[in-house]
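Below is one structure, written out as structure tokens; the observations come after it.
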Amino acid sequence: MKRRTKMKLNDVPPEEWDKLKHKQFQTDAVRYDGIPVEDVVNKPKHYNKGSMEAIDYINQQLETNSVYYLEGSVLKYLHRWKYKNGVEDLKKARWYLDRLIEEKQKEKEEED
């Protein structure tokens, strides 16, 4: 995967500075040149092949046991963040934790 490099103000003509400034703070994962940036936390390309996202397939196959997969993924990313991908792994842990919370809330609502 290519590392993103920040564009320097000196690389852009003054009339483009405002556009660059605004695009740096966009949350839709678009680089300064308008090319989409892969969202490696929420929608990694390698998990979105075919007609179903990998996490949805796993949930379908594991049914009620899918919470254990989610919990294991949280633990995995919390364990390795210091040694592998840093903040990116913390974000992945949060993503799986949020999904686990959603699943447990659904279970609770179905019980009530």
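Among the residues of the range 50-66, are any in contact (Cβ under 8 Å) with a residue 12 or more places away in the chain and not in a helix (DSSP H, G or I)? Scanning the range 50-66 turns up no residue that is in contact (Cβ under 8 Å) with a residue 12 or more places away in the chain and not in a helix (DSSP H, G or I). With respect to being out of contact with any helix residue (DSSP H, G or I) (no Cβ under 7 Å at 6 or more places or on another chain) and assigned to a helix (DSSP H, G or I), E71 falls outside the description.
Of the candidates Y77, Y32, the single residue that is modelled with pLDDT under 70 and touching a helix residue (DSSP H, G or I) at 6+ places or on another chain (Cβ under 6 Å) is Y32.
The values are calculated or read from the model by the stated rules, or taken from the named source; none is laboratory data. Computed from a prediction, not measured in an experiment: that's the story for all the values here. Quick reminder, even Gly has a Cβ in these numbers, built from the backbone with ideal geometry, and neighbours come from all protein chains shown.
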